[in-house]
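Enquirer: Here it is, the structure in full.
Read-outs: derived from the displayed coordinates by stated rules, not from any lab. Just so you know, these numbers come straight off a predicted model, no measurement behind them. Cβ coordinates were reconstructed from backbone atoms using ideal geometry, including for glycine residues, and neighbour counts include every protein chain displayed.
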């Protein structure tokens with residue numbers, strides 16, 4: 001029996017499959033195809049977190065985000081620096097603030 005997945009997996013998954021006595025069929029993607037697969041993986045991991053609420057899924061989300069940063073020519077350190085700068089300028093998400101609307105002070109109504 002053959003199960004089909006066609007999805008990006010962690011580098012160690014093929015070896016784990018072999019350890020179970022099965023034979024993985026794999027290929028390697030690079031460049032834009034790799035970035036597209038990472039974006040798909042990010043969607044998958046976020047959906048899994050939404051479904052389970054499990055913090056382990058958040059760790060998977062972060063792993064994919066780090067890989068995406070690297071694939072886009074950045075690094076997880078640079079990404080963290082950008083995040084800190086945005087937090088210093090605009091704040092974090094700690095207080096649960098929900099913006100419902102904005103009343104404009106200009107007379108454009």
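Enquirer: Work out, step by step, the length gained on full extension between residue 83 and residue 97: first 0.36 nm times the residue separation, then minus their alpha carbon distance; give nm to one decimal.
Expert: 3.2 nm
Enquirer: Could you tell me which label, among (1) 2, 9, 12, 15, 18, 15, 8, 6, 6, 4, 2, 1, 1, 1, 0; (2) 2, 9, 6, 7, 5, 6, 5, 5, 5, 4, 5, 4, 4, 4, 4, 3, 3, 3, 3, 2, 2, 2, 2, 2, 1, 1, 1, 0, 0; (3) 2, 10, 16, 24, 23, 15, 7, 2, 1, 0, 0, carries the value of P(r) over Cα pairs in 5 Å bins from 0, in percent calculated for this structure?
Expert: Checking each listed value against the structure points to (1).
Enquirer: Next up: In degrees from 0 to 90, rounded to the nearest 10, what is the angle of the helix 55-71 Cα long axis to the longest principal axis of the chain?
Expert: 90
Enquirer: Next up: Relative to the longest principal Cα axis of the chain, at what angle does helix 76-90 sit, 0 to 90 degrees, rounded to 10?
Expert: Tilt of helix 76-90: around 20 degrees.
Enquirer: Under 14 Å from the 7 Å Cα→Cβ point of residue 43, by amide nitrogen: which residues of the stretch 1-24?
Expert: Within reach of a label on residue 43: 7-8.
Enquirer: Give the angle, between 0 and 90 degrees and rounded to the nearest 10, that separates the Cα long axis of helix 31-52 from the longest principal axis of the Cα atoms of the chain.
Expert: Long axis of 31-52 versus the principal axis of the chain: about 80 degrees.
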